[in-house]
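Colleague: Mind having a look at this structure? Questions to follow.
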Protein chains: 2
Amino acid sequence: MTSEFDLIGRFFSRAARSAKLGVGDDAALVEAAAGHDLVMTMDTLVSGTHFSSDPEPRALGHKSLAVNLSDLAAMGARPRWVLLAITLSDVDEEWLAAFAQGFYDLAQRHDVALVGGDTTRGPLSITVMATGEVAADKALRRDRARVGDEVWVSGQLGSAALALRHRRGELRLKGKDLEGCSMSLDMPTPRIELGQALVGVASSAIDVSDGLVADAGHIALRSGVKMEICYDDVPAIAGVMHLKQDKVVRDAVLAGGDDYELLFTVPAGATGQLDAVSARLGLGLTRIGRVIRGSGVTVLDDSGGLIDAGAGGYDHFG
Amino acid sequence: MTSEFDLIGRFFSRAARSAKLGVGDDAALVEAAAGHDLVMTMDTLVSGTHFSSDPEPRALGHKSLAVNLSDLAAMGARPRWVLLAITLSDVDEEWLAAFAQGFYDLAQRHDVALVGGDTTRGPLSITVMATGEVAADKALRRDRARVGDEVWVSGQLGSAALALRHRRGELRLKGKDLEGCSMSLDMPTPRIELGQALVGVASSAIDVSDGLVADAGHIALRSGVKMEICYDDVPAIAGVMHLKQDKVVRDAVLAGGDDYELLFTVPAGATGQLDAVSARLGLGLTRIGRVIRGSGVTVLDDSGGLIDAGAGGYDHFG
């Protein structure tokens, strides 16, 4: 008999130095740092909705944690503790071992401790809850963008959506482009270091999970401002730059979700600081627009004409 | 178009006074109390595994939170913040409103704030993560039971399992017994006040979710002791006391999960303190055994004979 307790014990109970009590009691016990706010987030990945019905387990373990760490990054937080609820239709030990490896590899990279959770039987689904810490009242929020701020983004956008379109045969990526886009889709990198570097620099931030226009819209709505984005300035992978006016590429760049780059606003004059952060992290940071009076999001081409960005974004109940 | 954002906004975004930032950003922001440990737990309820495929939504909202608050109670913690991940096959607004009511009614009773979460599309499943606080190093753990301690339990055991057997036609409950057992199964009461009252009194504690013998076994294993339980002392509802030797009732009392009473150990001589707690809370507390040298759990009848309690307990991968 393989029991719930065995599964947790065998695959998900590596020692958690940062916890007073980890997996194995009714709940985990941890000690929060004084002078800090706690940052809490939770995301679910469901088979068939967020990934194929037969996903590569190591990538799934990575991604289920990555999307949550990305939310902490968008708040400028240092990740500390995570809980994992995994629902499985049956027990496949090889699958579980690979899933656990993908999960722990990323957790260790960011010194995050898995301190608890639950395993249950049912259709494959993974929920991760992550808690981080940020200096009191210093978190990067969505509601603090101000008119006159600049809009910036990390990395390249559209990569995950391009990989998906490649797999569907809607376009063809090659070599390093295919490799990079596939990594963005399957094993995205949460921008943890960038988020922490932006504390005290950025006025607002969000991670690009729904798509650039949709996520810019979240900042606009919560801050009571308008985001004006210059499409030609939005960075995409080199291999599609000459195709940037094609609809399939434009949709990927503007509305493709799952990029997990950070979109943020900074007061004018922070370029020097951002260049230094970019150099230190080896991560491109690009100014793509500005915050103006109004509401919503406008996307302009390089002649100042309006691009119809559509409703944009990925919406689980759309 | 009903979007994820609309759903959260409409059903799950009541103001959370105890949070600096609740639903609506990348993550929630809260402030932990100085001198306290954080207590974290997460449980998933899956359709078909933990409840029928067509559950009563208000009860489900209550229970999904209750099972997590019960884990905090078992640690002696004061519940503070919860996150909710709900996966739905489709959007039924009446259903969601009833679910939210069941959830919030219980949350408000214990001054718990829903500060974040996720809604996704897929087979019905609910994961709740709850965070509480307890004075530093004062949490009730499973691993501190000592030889010579007494074993106590709150309320009555087997009620939820008896309700389930009634519904299956395996036995017949009537009147107040049926009512009480049905409440235990559908809308269990987490023993929050009791857990906090036991801090500094109990040496160990657990909530009875897997079944009495199984949960006593968890304390025995983690504490390196043996739990000896006297079956005739184990409290059950009045209506089945004359049937206590029948197998179906005995199984419900010893191995029925889902009771969410607290099982705890106290050093000898704490009876006066426990009687005072019992009177204050209006909740029965009963001594049912003792902690001895050895390992595992033994159940005795009133003549000191051994009762075969079986493997006992509910195990999601059994």
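Colleague: Given that compact globular proteins tend to follow 2.2 N^0.38 Å, what is the ratio of the alpha-carbon Rg of the stretch B:152-207 to that value?
Modeller: On the way: Rg = 14.0 Å, N = 56, 2.2 N^0.38 = 10.2 Å.
Compactness ratio reported: 1.38.
Colleague: Separate question: Rg/Rh for the stretch A:157-259: what does it come to with C-alpha atoms and Rh from Kirkwood? It would help to have the intermediate numbers written out before the result.
Modeller: Details: Rg = 14.4 Å, Rh = 14.5 Å.
With Rg and the Kirkwood Rh in hand, the quotient comes to 0.99.
Colleague: Still on this structure, I have one more. Could you identify which residue out of A:GLY116, A:GLY239, A:GLY304 has the top mean-square fluctuation in a GNM of chain A using Cα springs shorter than 10 Å?
Modeller: Greatest mean-square fluctuation among the candidates belongs to A:GLY304.
Colleague: What span do the alpha-carbon atoms of chain B cover on each of the three principal axes, reported in whole Å from largest to smallest?
Modeller: Principal-axis extents of chain B (Cα, largest first): 67, 50, 35 Å.
Colleague: Tell me: how much accessible area in total is hidden between A and B, 1.4 Å probe, Å², nearest 100? Present the calculation step by step, with values, prior to reporting the outcome.
Modeller: Values: alone 15150 and 15140 Å², together 24660 Å².
Roughly 5600 Å².
Colleague: May I ask for the angle, rounded to the nearest 10°, between helix A:175-186 and the longest principal axis of chain A, with both axes built from Cα atoms and the value confined to 0 to 90°?
Modeller: Roughly 60 degrees between the two axes.
Colleague: Right, another one. Any idea what the A:GLU179 label distances to the other copies are, label 7 Å down the Cα→Cβ vector, nm, shortest first?
Modeller: Output for A:GLU179: 7.1 nm, nearest copy listed first.
Colleague: Report, to two decimal places, the Cα Rg of the stretch A:228-271 normalised by 2.2 N^0.38 Å (N = number of residues). Numbers along the way, then the final one.
Modeller: Values: Rg = 12.2 Å, N = 44, 2.2 N^0.38 = 9.3 Å.
Cα-based Rg divided by the globular estimate yields 1.32.
Colleague: Roughly how tilted is helix B:57-74, in degrees to the nearest 10 and between 0 and 90, from the longest Cα axis of chain B?
Modeller: 60
Colleague: Could you order B:ARG58, A:ARG109, A:ARG142, B:ARG167 so the one with the most accessible surface comes first? Probe is 1.4 Å.
Modeller: Working: B:ARG58 90, A:ARG109 155, A:ARG142 35, B:ARG167 130 Å².
I get A:ARG109, B:ARG167, B:ARG58, A:ARG142, largest accessible area first.
Colleague: A further question follows. Nearest 500 deg cm²/dmol is fine: what mean residue ellipticity at 222 nm does chain A get from its DSSP H runs of n ≥ 4 alone, each adding -39,500 (n - 2.57), divided by its residue count?
Modeller: -10000 deg cm²/dmol
Colleague: When you look at the Cβ of every residue in A:124-137, what mean number of other chain Cβ atoms sits within 10 Å?
Modeller: Details: counts 2, 9, 1, 14, 5, 13, 2, 9, 1, 1, 2, 0, 3, 3.
Partner Cβ neighbours, averaged per residue: 5.
Colleague: I'd like the antiparallel share, as a percent to the nearest 5, of DSSP beta bridges with both residues in the protein assembly as shown.
Modeller: Numbers: 88 of 118 bridges.
Looking only at bridges with both residues in the protein assembly as shown, the antiparallel portion is about 75 percent.
Colleague: Per-residue mean of other chain beta-carbon atoms within 10 angstrom of the beta-carbon, peptide B:114-120? Let's see the in-between values first.
Modeller: Details: counts 0, 4, 7, 7, 12, 3, 10.
That average works out to 6.
Colleague: In Å, what Kirkwood hydrodynamic radius results for the protein assembly as shown from the alpha-carbon pair distances? Mind dumping the intermediate values first?
Modeller: On the way: mean 1/r = 0.0389 Å⁻¹.
It works out to 25.7 Å.
Colleague: For peptide B:77-85, compute the average count of partner chain beta-carbon atoms within 10 Å of each residue's beta-carbon. Intermediate results must be reported in sequence, preceding the final value.
Modeller: Numbers: counts 3, 0, 0, 1, 3, 2, 8, 1, 9.
Taking the mean over all residues of the peptide, I get 3.
Colleague: Then there's this: Taking the Cα centre of the stretch B:147-271 as origin and charging only Cβ (+1 Lys, Arg; -1 Asp, Glu), how large is the dipole, in debye to the nearest 20? Working shown, then result.
Modeller: Values: 12 positive and 18 negative charges, 77 e Å.
The calculated dipole for the stretch B:147-271 is roughly 360 debye.
Colleague: Please work out the average accessible area per residue across the protein assembly as shown, using the 1.4 Å probe convention, and give it in Å².
Modeller: On the way: 24660 Å² over 636 residues.
Accessible area per residue: 39 Å².
Colleague: Cross-link candidates for B:LYS20: which lysines have Cα within less than 29 Å, leaving aside residues fewer than 8 places away along the same chain?
Modeller: Those lysines meeting the cut-off are A:LYS20, A:LYS63, A:LYS138, A:LYS226, B:LYS63, B:LYS138.
Colleague: Which whole-number value in Å³ per residue fits the convex hull of the alpha carbons of the stretch B:196-302? Before the final figure, lay out the partial values.
Modeller: Details: hull volume 11.9 nm³, N = 107.
Convex hull volume per residue, Cα atoms: 111 Å³.
Colleague: Please work out the Cα center distance from the stretch A:239-288 to the stretch A:13-92, rounded to the nearest Å.
Modeller: The stretch A:239-288 and the stretch A:13-92 have Cα centres spaced 27 Å from each other.
Colleague: Further question on the same structure: The stretch B:96-160: Rg/Rh from Cα coordinates, Kirkwood Rh?
Modeller: 1.08
Colleague: Ranked from highest to lowest mean number of other Cβ atoms within 10 Å per residue, what is the order of the peptides B:73-79, A:178-184, A:150-156, A:76-82?
Modeller: Values: B:73-79: 29.0, A:178-184: 19.0, A:150-156: 23.4, A:76-82: 27.0.
Ranking, from highest mean packing down: B:73-79, A:76-82, A:150-156, A:178-184.
Colleague: Another one. Choose one of A:SER18, A:LEU65, A:SER52: the residue whose Cα lies farthest towards the positive end of the charge dipole of the stretch A:4-107 (beta-carbon charges +1 Lys, Arg; -1 Asp, Glu; about the Cα centre).
Modeller: Value computed over the given set: A:SER18.
Colleague: Just to confirm a number: summing +1 for Lys and Arg and -1 for Asp and Glu over residues other than A:LYS244 whose beta-carbon lies under 12 angstrom from that of A:LYS244, what do you get?
Modeller: Working: positive: A:LYS247, A:ARG250; negative: A:ASP232, A:ASP233, A:ASP246, A:ASP251, A:ASP301, A:ASP302.
With Lys, Arg at +1 and Asp, Glu at -1, the neighbours total -4.
Colleague: What nm distance separates the two modelled labels at A:ASP111 and A:GLU93, each placed 7 Å from Cα along Cα→Cβ?
Modeller: Modelled inter-label distance: 3.5 nm.
Colleague: Report, in degrees rounded to the nearest 10, the 0 to 90 angle that the Cα long axis of helix A:271-281 makes with the longest principal axis of chain A.
Modeller: So the inclination is approximately 40 degrees.
Colleague: Could you give the Stokes-Einstein D for the stretch A:26-118 in µm² per second, using the C-alpha Kirkwood radius, 4 °C, 1.567 mPa s?
Modeller: Numbers: Rh = 14.3 Å.
Answer, rounded: 91 µm²/s.
The values are calculated or read from the model by the stated rules, or taken from the named source; none is laboratory data. Keep in mind that this is a model prediction, so the values were computed, not measured. Quick reminder, even Gly has a Cβ in these numbers, built from the backbone with ideal geometry, and neighbours come from all protein chains shown. Protein only, heavy atoms only, side chains kept; ligands, DNA and RNA dropped before computing areas. Shrake-Rupley method; radii C 1.70, N 1.55, O 1.52, S 1.80 Å.
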